Amino acid sequence: MKMLLANAEAWPGFDTTVELLRQGGAGIDSMVSGIAKVEREAKVRSVGYGGWPNMLGEMEFDAGVMDGTTRDVGAVGAVPATLPVSALAHEVMKHLPHVMLTGAGARRFASERGFAVDEVLHPDSKRVWWERLQKEMSAEQQAAFPDIPLAPLSNTITDPERVRDTTVFLGRDASNGIGVVTSTSGWAWKYPGRLGDSPIPGAGFYADSRYGAAACTHTGEMTMRCSTSRSIVLAMRLGYTLADAIKLAVDELSELRTGFLAGVVIHAIDAKGNHQVVNYRCDEEIRYWYWDERMAAPELRVATAVKL
């Protein structure tokens, strides 16, 4: 059964992917086409052009793709001046022996594959970034910026919209192949070079067409420590139901006691056509998009809230 699951911010491209899947398109190709529209939409403030810069006022993008039938992976991290980075991650998967490229190397590869050098810092993001940074710096620091220690500021500047989100697409196509595509601009005001879980296979995403797929949004520092997405798929391989596999992953997250702890949203599907989205510790209501071939149109639904 063809199906597609994505978080609420996927609205600019969800219908595009649905239509491509309806027409028999390959899962990864269809999802990359849809998520590219999210990456270029300025109204989505957690991904691509609409996202927030790092502490230096520079955009750094992360993305990952995984084909659950072959378990091939492509990922990119801290990529400058490039949209859509999900498509770049797909190019890594198709054309390199590597799984991941980061920073300047990823940008070099983008040029080799014909990607333009894009203007990726939204003017409003630049304005808000500098206004918030100024509030935390002395006059001497402002005059010396950026040649000042950034680590002390990283603990005082807060995310303007508490955006630690990612766009995730999980789908199954006509061949019953299951795949995942992720993209994010990362944590607003992050320390330069920071990677979250979005480009990390096993943490932010994982797919195996025999069992299912999972992808996470929000606090990647936690899911990297627990390998959350891989744990869910592995649990299903070991015979757990989808619900019990997610419960296992949530229990693991709840055992963390140190480091930065906040909310995590888990999106998951299994090979039997089931899906579940769980909101762990996020205060706000979490919604997601769902469609399968039995439905006339996609639906925006509410995730299950869990607080341990």
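The values are calculated or read from the model by the stated rules, or taken from the named source; none is laboratory data. Predicted, not measured: the structure shown is a model, and the values here were computed from it. Glycine gets a Cβ as well: all are built from the backbone with ideal geometry, and neighbour counts include every protein chain shown.
Looking at ASP270, is it in contact (Cβ under 8 Å) with a residue 24 or more places away in the chain and in contact with a helix residue (DSSP H, G or I) (Cβ under 7 Å, 6 or more places away or on another chain)? In short, yes. Can you name the residue in the range 99-120 that is in contact with a strand residue (DSSP E or B) (Cβ under 8 Å, 6 or more places away or on another chain) and over 10 Å from GLY64 (Cα atoms) and, of all such residues, is surrounded by the most Cβ atoms within 10 Å (Cβ to Cβ)? Ranking the qualifying residues of the range 99-120, first place goes to ALA106. Filtering the range 41-61 to residues that are within 20 Å of GLY171 (Cβ to Cβ) and touching a Pro at 6+ places or on another chain (Cβ under 8 Å) leaves GLU41, VAL44, GLY48. Only one of GLY220, GLY212 is out of contact with any His (no Cβ under 7 Å at 6 or more places or on another chain), over 15 Å from SER198 (Cα atoms) and surrounded by 24 or more Cβ atoms within 10 Å (Cβ to Cβ). Can you tell me which? None of the other options fit; the residue is GLY212.
LEU234 falls short of the stated requirement of being surrounded by fewer than 24 Cβ atoms within 10 Å (Cβ to Cβ) and within 23 Å of TRP289 (Cβ to Cβ).
Based on what the data block shows, is LEU4 buried (at least 19 other Cβ atoms within 10 Å of the Cβ) and more than 21 Å from LEU195 (Cα to Cα)? Can you show your working first?
Working: buried (at least 19 other Cβ atoms within 10 Å of the Cβ): yes; more than 21 Å from LEU195 (Cα to Cα): yes.
In short, yes.
Return a yes/no flag: does the range 155-165 have any residue that is over 30 Å from ASP292 (Cα atoms) and of a type in the set (Lys, Arg). Don't jump to the end; show me each part of the working.
In the first step, residues of the range 155-165 are kept if they are over 30 Å from ASP292 (Cα atoms); the result is 155-162.
From what is left, the residues that are of a type in the set (Lys, Arg) are 162.
Yes.
Output the number of residues of the range 24-38 satisfying the condition of being crowded, with 24+ Cβ neighbours inside 10 Å and farther than 13 Å from TRP11 by Cβ. Within the range 24-38, residues that are crowded, with 24+ Cβ neighbours inside 10 Å and farther than 13 Å from TRP11 by Cβ number 5.
For (1) touching a His at 6+ places or on another chain (Cβ under 9 Å); (2) surrounded by 21 or more Cβ atoms within 10 Å (Cβ to Cβ); (3) closer than 21 Å to GLY51 by Cα, each residue gets a yes or a no:
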| position | (1), (2), (3) |
| --- | --- |
| PRO192 | no, no, yes |
| GLY196 | no, yes, yes |
| GLY202 | no, no, no |
| ALA207 | no, yes, no |
| MET224 | no, no, no |
| LYS247 | no, no, no |
| GLU252 | no, no, no |
| GLU255 | no, no, no |
| ASN274 | no, no, no |
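Close contacts from the range 288-303, counting a first residue that is more than 14 Å from GLY34 (Cβ to Cβ) and part of a loop (DSSP other than H, G, I, E, B) and a second that is at pLDDT 95 or above and among the hydroxyl-bearing types (Ser, Thr, Tyr), with Cβ to Cβ under 7 Å and a gap of 6+ residues or different chains, come to ALA303/TYR288. Of the residues making up the range 258-277, those that are more than 18 Å from VAL306 (Cβ to Cβ), in a loop (DSSP other than H, G, I, E, B) and not hydrophobic (A, V, I, L, M, F, W, C) number 4.
Could you please find all residues in the range 43-98 being hydroxyl-bearing (Ser, Thr, Tyr) and either at pLDDT 95 or above or surrounded by fewer than 18 Cβ atoms within 10 Å (Cβ to Cβ) (or both)?
Just the residues of the range 43-98 that are hydroxyl-bearing (Ser, Thr, Tyr), to begin with: 46, 49, 69-70, 82, 86.
TYR49, THR69, THR70, THR82, SER86, listed by residue number.
Hey, can you tell me all the residues within the range 99-132 that are modelled with pLDDT of 95 or more, over 14 Å from VAL79 (Cβ atoms) and small (Gly, Ala, Ser)? Result: GLY114, single match.
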